[in-house]
Amino acid sequence: MNRENYIAKSIEEANPLYLQIMQKAYSGTATPSPCSFIKAQCLICVGYVRDDITYYNGYLCPLWNYRPCQIKGGSE
């Protein structure tokens, strides 16, 4: 799958609640912030269930340290 198809598929599959985030990250009409890309990728990874980003434990994810909704502190 090429980049354009991946982007189109990601926007098409996005939950309508998160469509604005996806379009901001992938539209190409403006320079999005790195945070926009991270939020969009996290949403794709967890199947557009925003609350799952907080509890995601994929330590091997290259975006692990940059996730938008981390639980602060150690494991409890």
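So the values come out like this:
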| quantity | calculated |
| --- | --- |
| Residues of segment 46-60 satisfying the condition of being surrounded by fewer than 11 Cβ atoms within 10 Å (Cβ to Cβ) and either acidic (Asp, Glu) or touching a helix residue (DSSP H, G or I) at 6+ places or on another chain (Cβ under 7 Å) (or both) | Asp51 |
| Matching entry among Ile44, Ile38 (being of a type in the set (A, V, I, L, M, F, W, C) and under 19 Å from Asn5 (Cβ atoms)) | Ile44 |
| Residue within segment 14-31 that is loosely packed, with under 10 Cβ neighbours inside 10 Å, under 13 Å from the mean Cα position of the chain (by Cα) and either of a type outside the set (Val, Ile, Thr) or at pLDDT below 80 (or both) present | no |
| First in segment 1-24 and assigned to a helix (DSSP H, G or I), second anywhere and of a type in the set (Gly, Ala, Ser), Cβ under 7 Å, 6 or more apart | Ile21/Ser36; Ile21/Ala40; Met22/Ser10; Met22/Ala14; Met22/Ala40; Lys24/Ser36 |
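The values are calculated or read from the model by the stated rules, or taken from the named source; none is laboratory data. Since the model is a prediction, treat every value here as computed from it, not as a measurement. We place every Cβ from the backbone using ideal geometry, glycine too, and count neighbours over all the protein chains shown.
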